[in-house]
C-alpha cells in the first residue's frame with residue numbers, strides 16, 4: 001500500500017521501478033496496479049504513432065514544452081515494440097527526450113518488448129494507469145511503426161495522432177495496418193519538404209471516402225515544419241497542441257469519453273482474464289512436463305491440438321467448451 | 001469425414017471453402033482440420049516476407065514457375081494483415097498470381113484479417129495444414145509488412161526468406177520487428193538498382209555481429225535483378241529457388257526439422273487452449289451480460305480488472321490462479 005501511496009504522491013523513482021516490474025510481469029506489480037486503479041481515469045491519454053523517421057520524438061518534445069508553459073503536468077511513454085535482440089541499439093533517439101526528466105512534472109519512460117508477444121500491450125496499459133495515478137494531466141504514448149501491436153496500444157488513447165512525412169511512401173503501410181481509421185488527428189511532419197501538399201490532398205481524399213467513425217469530429221490534417229529550433233517554435237506545432245486539447249474537449253462535450261473508457265476497460269478485462277485463467281493452467285502444464293508430452297503426441301501425429309486442448313479444458317474447467 | 005477425404009485428394013473447391021471457413025472461425029472447420037491433422041507434416045513450408053513494394057509477389061511467381069518445372073506441387077498463401085476496412089482495395093497485386101490457378105498443382109489463396117487480432121495467425125496455421133494435407137510439396141506463405149504478426153506467421157515456416165529492396169530504408173524497420181533474427185535467407189530484390197552493394201554489405205555486417213541462432217546455417221544474402229521477364233528468368237532467382245531447397249536439406253540432415261515442428265506444435269497447442277478454455281468462458285460472460293456489468297464496475301472505479309478476473313477464475317476454474 002505504501003508503494004501505491006508514493007505513486008499517488010508522484011514519486012518518480014517508485015513509478016519507474018513499478019513500470020519496470022510491470023514490464024517484467026512481476027507479481028508485486030499486479031498488486032500495486034490493483035491498488036492504484038481507483039485513482040485513475042483523470043488523465044488525457046494521447047497516442048502518437050507513425051513510421052520510424054517521421055520525427056515523432058521531436059514532435060513530442062515540442063508538445064511537452066508547450067504544455068509545460070500552460071502549467072500542465074505531462075507523462076510520456078515511448079514504446080518500442082522491438083525484439084529483445086535489437087532492443088538496446090535503437091532506443092537512442094529517446095535519450096534526447098530524457099532531458100525533460102529534470103523537470104519534476106515531466107515523467108518520461110521508454111518501454112520495449114521484453115518477453116512474450118502481447119505482453120507489451122498490457123504492460124503499456126498498466127503503465128498508463130501508473131502515470132494517471134501520479135496525477136499527470138496529459139499522458140503521451142508514442143509508438144514506432146504501424147503494426148497491429150501499435151493499433152492495440154493506440155486503443156488506450158483518447159486522442160490518436162498519426163504522424164506522416166511527405167515522400168516516405170508510408171501511406172500504404174499505414175492504411176494496411178488500420179491505423180488510419182483510429183487516428184483523430186493527422187500531422188504531416190517536416191512539411192517544408194516537397195510533396196506535402198500532395199500528401200495532404202491524398203489524406204483528405206481518403207478521409208472523405210472513409211466511413212465516418214468519429215461522430216461529429218472530422219480528423220484534421222495539420223502540418224508541422226522542420227525548420228525552426230527549439231522544437232516548440234516549429235511552425236504549426238502550437239496548432240497541433242491546441243487541436244489535441246480540442247479533441248478531448250469534443251469527447252467530453254459529446255459524452256464519447258465514457259465510450260472510450262468503456263472500450264479500454266473491456267480490453268483490460270480480457271487481458272486480466274487471460275492472466276487469471278489461461279496462464280495458471282499453462283504454468284501447471286509446463287511445470288508438470290505435460291506440455292512436452294503433448295507436443296510429442298502432436299509430432300507423432302497421434303493427436304490434434306484441439307482434442308488435446310479439450311481434454312485440458314475438461315480437466316480444469318467447470319463448464320465444457322461445447323456450452 | 002467426406003470433406004477431409006476430398007482435401008486429401010487435392011480438391012481445390014473443398015480446400016478453398018475450408019480455408020474460408022477457417023478464416024470465419026466456423027465450428028465445422030475445426031472438426032475438418034482435426035481430421036486432416038494426422039495427414040500433415042510432409043510439406044516444406046517457406047515463409048516470404050518484406051515491406052510492401054519489395055516485389056514479393058513477383059518473386060513468388062518466379063519461384064512457383066521454377067518449382068513447377070521440377071515437378072513439385074506448390075501451395076501459396078498470400079497473407080495480408082490488413083484491417084477489414086482497407087482489406088479489399090490492396091489485394092489487387094495478388095490477382096496476378098491467381099493465373100497459376102489454372103495449373104491444378106498450384107493452389108493460391110489470399111487471406112486477410114477479418115475479425116479479432118491474432119485470429120489471422122491461427123487461421124494461417126490451419127490453412128497451412130490444409131495445403132499440407134492436400135499433398136503440396138512446397139507451401140509458400142507470403143506476408144506483407146514487418147509487424148509482430150508477420151513474425152508470428154513466419155514461425156510456421158521451415159525456411160524464412162526476407163525480401164529487401166535497395167534504397168527503401170526499410171532495414172531499420174525490419175530490425176525493429178525482429179524479422180531479421182528469424183530469416184534464413186535474405187534476398188535483395190530489384191538488385192539492378194543503386195544501393196544494392198551497400199545494402200548487401202550492411203546486411204552481412206549486421207549478420208556478422210548477430211548471435212548465431214541458426215546452428216551451422218549461415219543466412220546467405222542473395223540478389224535478384226528486376227530486368228528480365230518472365231519472372232522465372234530473372235537473374236538470380238534460380239539461385240533463390242535452389243537455396244530454399246538447400247536450407248530444407250540442411251534442416252533435415254541436422255535434425256533441426258523436428259525442433260522446428262515441435263515449436264510449431266507448441267504454438268498451435270497454445271492457440272487451441274485459448275479457444276477451448278478462454279473463449280467458452282468469454283462467450284458465457286458475454287451472453288449473460290456479465291461483461292457489461294463488469295465494465296460498468298471498472299468505469300465507476302468500484303473494482304479493478306484483476307479482482308474481477310480472479311472472481312471469474314474462481315467460478316470457472318478447478319484450480320485457483322494462486323497455484
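Annotations for the structure displayed:
- For segment A:216-243, a tally of residues being farther than 10 Å from residue A:191 by Cβ and modelled with pLDDT under 90 returns 9.
- Options A:288, A:310, A:302; residue that is in contact with a helix residue (DSSP H, G or I) (Cβ under 6 Å, 6 or more places away or on another chain) and farther than 21 Å from residue B:294 by Cβ: A:310
- Checking each residue in segment A:265-323 for being surrounded by 21 or more Cβ atoms within 10 Å (Cβ to Cβ), closer than 21 Å to residue B:305 by Cβ and either more than 7 Å from chain B (Cβ to nearest Cβ) or touching a residue at least 12 places away in the same chain (Cβ under 8 Å) (or both) picks out A:268, A:281.
- Subset of segment A:4-47 [away from chain B (no Cβ under 14 Å), surrounded by fewer than 16 Cβ atoms within 10 Å (Cβ to Cβ) and not in a helix (DSSP H, G or I)]: A:9, A:11, A:24
- Only listed residue being away from chain A (no Cβ under 14 Å), modelled with pLDDT of 85 or more and either surrounded by 20 or more Cβ atoms within 10 Å (Cβ to Cβ) or not in a strand (DSSP E or B) (or both), chosen from B:161, B:124: B:161
- The lone exception for residue B:204 - which of (1) in contact with a strand residue (DSSP E or B) (Cβ under 8 Å, 6 or more places away or on another chain); (2) under 30 Å from residue A:294 (Cα atoms) it fails: (2)
- Qualifying residues in segment B:184-193 (those that are buried (at least 23 other Cβ atoms within 10 Å of the Cβ) and modelled with pLDDT under 90) - the one nearest to the other protein chains (Cβ to nearest Cβ): B:190
- Only one entry in B:97, B:134 is more than 10 Å from chain A (Cβ to nearest Cβ), at pLDDT 90 or above and either more than 12 Å from the chain's Cα centre (by Cα) or on the phi > 0 side of the Ramachandran plot (or both), namely B:134.
- Subset of segment A:1-29 that is free of Cβ contacts under 8 Å to residues at least 40 places away in the same chain and in contact with a helix residue (DSSP H, G or I) (Cβ under 7 Å, 6 or more places away or on another chain) - its residue that is farthest from residue A:103 (Cα to Cα): A:28
The values are calculated or read from the model by the stated rules, or taken from the named source; none is laboratory data. Computed from a predicted model, the values in this text were never measured in an experiment. Every residue, glycine as well, gets a Cβ built from its backbone with ideal geometry; the counts of neighbours run over all protein chains shown.
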